[in-house]
Amino acid sequence: MFLVYLFVKGESILEWQKRITKQFVISQTILYVFIVAFVIIFKTIFGDKNTLIGVTSITAMLMITKVNLTISPGKNLMKLLVINIGMGIFAYLANLNAWGAIPLNFIAIFIISYTFYYNLKFPIYLPFSLQYLFLIATPITLAELPMRLISLLAAPIGIMLIQLLVNKNKTTKVGNKLIGSICDDIIKKISDNSVSKYEINKSIKSNSNEFRKIIFDNRKDDFYITEEGRIKLNIVVILEKLSNEIDKISNNDRKILNDLVKCLKELKESLGDKDNLTSINENIRSLINSYTKEDISDVYDLRILNTINMLNISLEELKSLGIENYNNINDKAGIPDKYKMVNVHKKEFYSKSLKFSYSVRVSLGITVAAFICDYFKLAEGRWIYFTALSIIIPIYELSKQKMKDRMFATLVGGVIIVILFTIFTSTLSRVLILMIAGYLKSYTTTYRCGTIYSTVSAIGSAAMLGGEVVLTLDRILFVIVGIIIGIIINRFVLPVKMKDANKELMDMYSEVVSEMLSEVYEEAKNENDNTHEIDTLILVSSMIEERISSNNSDSVTEGDSIYFDKIRELVVDIYQLYALVKRSEVKYKHVEYMLDDLNLLSQIGKENIDNIIEIVEEHIVLAKGIKNKIIFESIRSVVSQIKEIKKVENVSFSEIA
């Protein structure tokens with residue numbers, strides 16, 4: 001029971017920065033009590049041999065709240081049920097024979113890792129991998145198999161119940177608050193000259209990314225976006241575009257900035273906790289109509305006014321949709337082949353793919369570790385494959401520090417439990433020590449500190465009847481064996497180094513930008529609705545940014561940050577260009593030259609950038625009507641940004657476009 005916090009809290013609450021407030025302490029205490037109660041009840045219902053399944057069940061319930069499964073609850077429930085029952089059968093068969101376990105363990109861990117490791121979003125393989133290890137660590141008889149399989153149904157059902165409680169209508173419940181925060185930041189940028197624009201832009205980017213992650217998770221078949229998600233994603237991109245434009249405008253242009261503040265306040269108030277869009281459109285429309293041609297002093301004023309107009313159009317669309325239709329999905333058009341999951345998986349099935357290489361390495365490591373335990377009949381040998389699981393991680397460089405931390409934490413935790421169990425010999429006092437260790441682990445912010453508490457809990461739980469010194473020495477030995485297995489596999493079996501991971505992500509980013517440019521041209525030349533494609537691409541772009549930042553958190557330079565900020569601004573502008581084209585008459589070829597310019601843009605890697613800029617600038621002069629001039633100006637802006645990105649030097653990543 002006291003192993004609960006060993007894994008439940010490990011990956012789900014570790015954060016680099018955390019304030020221990022009264023509210024945080026209360027929430028952690030309630031959560032700890034809930035976890036202990038759940039495991040006790042689970043043990044009572046399903047028996048001692050299935051107790052650890054209760055641990056992994058609650059682990060999965062808590063960790064998977066970071067991924068939204070409510071868009072297709074029935075389909076996701078069936079998927080989880082099949083995987084859990086399959087694990088139970090595989091583990092039972094693997095425990096029958098050490099040699100027969102070799103292919104079974106490899107296949108089981110590979111399927112788990114490949115299914116639940118995601119290149120871009122939060123990976124959720126850990127609770128399922130741990131569950132399989134717990135299953136092979138506690139063998140059962142054939143007569144006990146039915147109860148074990150029944151116990152394995154608890155996690156999928158519990159996961160989906162919590163999903164419906166936490167993640168249902170998340171776009172409205174959480175997304176609106178994020179939109180409100182972005183509005184507040186932009187207002188602060190306009191109204192308060194003393195604040196740091198860098199910090200405000202950082203906050204806007206963070207809230208925008210959080211919103212995009214919500215939409216990314218809430219796609220049907222990993223492609224189709226709900227109508228609410230589609231419209232509000234457009235609103236968030238518009239707000240980010242406004243923020244970018246404000247950085248370029250003079251503070252002397254107070255009229256348009258003051259009017260923008262009014263619009264943002266209206267937007268925040270209208271969305272609130274529940275969307276109330278009764279009067280917002282009329283207010284924004286009257287504001288826009290108050291401007292005449294003479295009021296627009298320069299191109300930046302014009303861009304801001306046009307962007308406000310696009311915000312108004314999106315709000316009108318949201319209002320017309322109605323809350324009751326928020327979860328509707330326009331899936332009449334089929335999923336393009338490149339977005340079908342079978343093809344996505346095929347694309348990732350190669351040796352340098354992070355997903356594939358990690359799945360092979362961890363499967364091999366667990367298989368070897370489990371074989372050693374079975375062949376030599378090591379009573380506490382499970383720590384070999386627990387250690388191997390923690391040491392074998394996707395990126396080679398990141399595993400080095402983890403190995404040091406694991407060894408250090410095991411030694412320190414072992415010494416602590418020997419000293420405490422020598423001083424406190426009663427069962428009650430030892431139970432209290434283990435409960436305190438499990439509880440305190442929830443406040444740790446590093447892998448090393450968390451593993452110290454885990455070691456105290458793990459060795460202490462096994463040593464309740466005495467023999468803590470022997471168990472400590474055994475665990476240290478088994479941890480060393482697990483580390484050796486991890487070192488060998490990380491080093492020699494399909495190693496993926498940081499530069500390989502960065503290249504994979506940067507190639508993906510380059511492909512996203514190119515595809516977005518192509519989508520703009522495709523939208524202009526025909527009437528096909530490819531909204532889902534462009535939405536997916538901008539969502540993917542932000543997920544790539546997040547993963548690059550996470551992987552390289554200790555090595556990203558100022559030049560790298562500037563580089564990625566420029567690319568992000570480019571992606572936002574391409575998305576806005578798409579929206580402009582979609583609402584224009586370009587597709588009917590009523591605008592001379594525009595289709596040709598968009599074609600040049602889609603082929604920009606093959607053309608001279610300076611020549612393209614000259615051509616587009618000529619067409620800006622020739623264009624008739626403000627709306628057409630805005631589109632040509634947007635094309636020029638996108639081309640110019642690509643040119644600027646190519647000029648950025650001293651960047652440790654590959655170039656885009």
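Throughout, read-outs are computed from the coordinates displayed, never taken from laboratory work. Everything quoted here is computed from the prediction, not taken from an experiment. Methodologically, a virtual Cβ is constructed for each residue, glycine included, from the backbone with ideal geometry; neighbour enumeration extends over all protein chains shown.
Details
- Computed E for Ser203/Thr425 - FRET, C-beta separation, R0 60 angstrom, nearest 0.05: 0.65
- Working from label points 7 Å from Cα in the Cα-to-Cβ sense, the Ile488 to Asp247 distance is 5.1 nm.
- Size-normalised alpha-carbon gyration radius of segment 489-533, reference 2.2 N^0.38 Å: 1.84
- Full-stretch length increase - Ile107, Asn330 - with 0.36 nm per residue and alpha-carbon distance subtracted: 76.5 nm
- Residues Val25 and Leu153, FRET efficiency given R0 of 30 Å [Cβ-Cβ distance, rounded to 0.05]: 0.30
- Charge dipole (the chain, unit charges on Cβ, about Cα centre) - positive-most of Asn119, Ile635, Ser151: Ser151
- The chain: relative contact order as a whole-number percent, Cα under 8 Å and 6+ apart: 15
- Cβ-Cβ FRET estimate between Lys404 and Asn526, R0 fixed at 41 Å, reported to 0.05: 0.10
- When each of Lys213/Lys643; Lys173/Lys197; Lys213/Lys624; Lys202/Lys265; Lys248/Lys338; Lys173/Lys497 is checked by Cα-Cα distance, pairs over 31 Å: Lys213/Lys624; Lys248/Lys338; Lys173/Lys497
- Computing Kirkwood radius over Cα pairs in Å directly from the structure and comparing it against [x] 33.9; [y] 28.7; [z] 27.4 singles out [z].
- Sum of -39500 (n - 2.57) over DSSP H runs of 4+, divided by residues of the chain (222 nm, nearest 500): -24000 deg cm²/dmol
- For segment 22-174, a crude dipole built from +1 on the beta carbon of Lys and Arg and -1 on the beta carbon of Asp and Glu, taken about the Cα centre, is about 600 debye to the nearest 20.
- When each of the peptides 367-373, 349-355, 243-249 is scored by how many other beta carbons lie within 10 Å of its residues on average, the order from highest to lowest is 367-373, 243-249, 349-355.
- The slack between Lys346 and Glu511, meaning 0.36 nm per residue of separation minus the straight C-alpha distance, is 57.7 nm.
- Centre-to-centre separation between the Cα atoms of segment 616-632 and those of segment 20-56: 64 Å.
- Alpha carbon centroid spacing (whole Å) that separates segment 202-252 from segment 116-150: 37
- Per-residue extension of 0.36 nm, minus the Cα-Cα distance of Ile85 and Asn97, leaves a gain of 2.3 nm for this segment.
- Given charges at Cβ of Lys, Arg, Asp, Glu: the chain dipole, positive-most of Leu31, Val540, Asn490: Leu31
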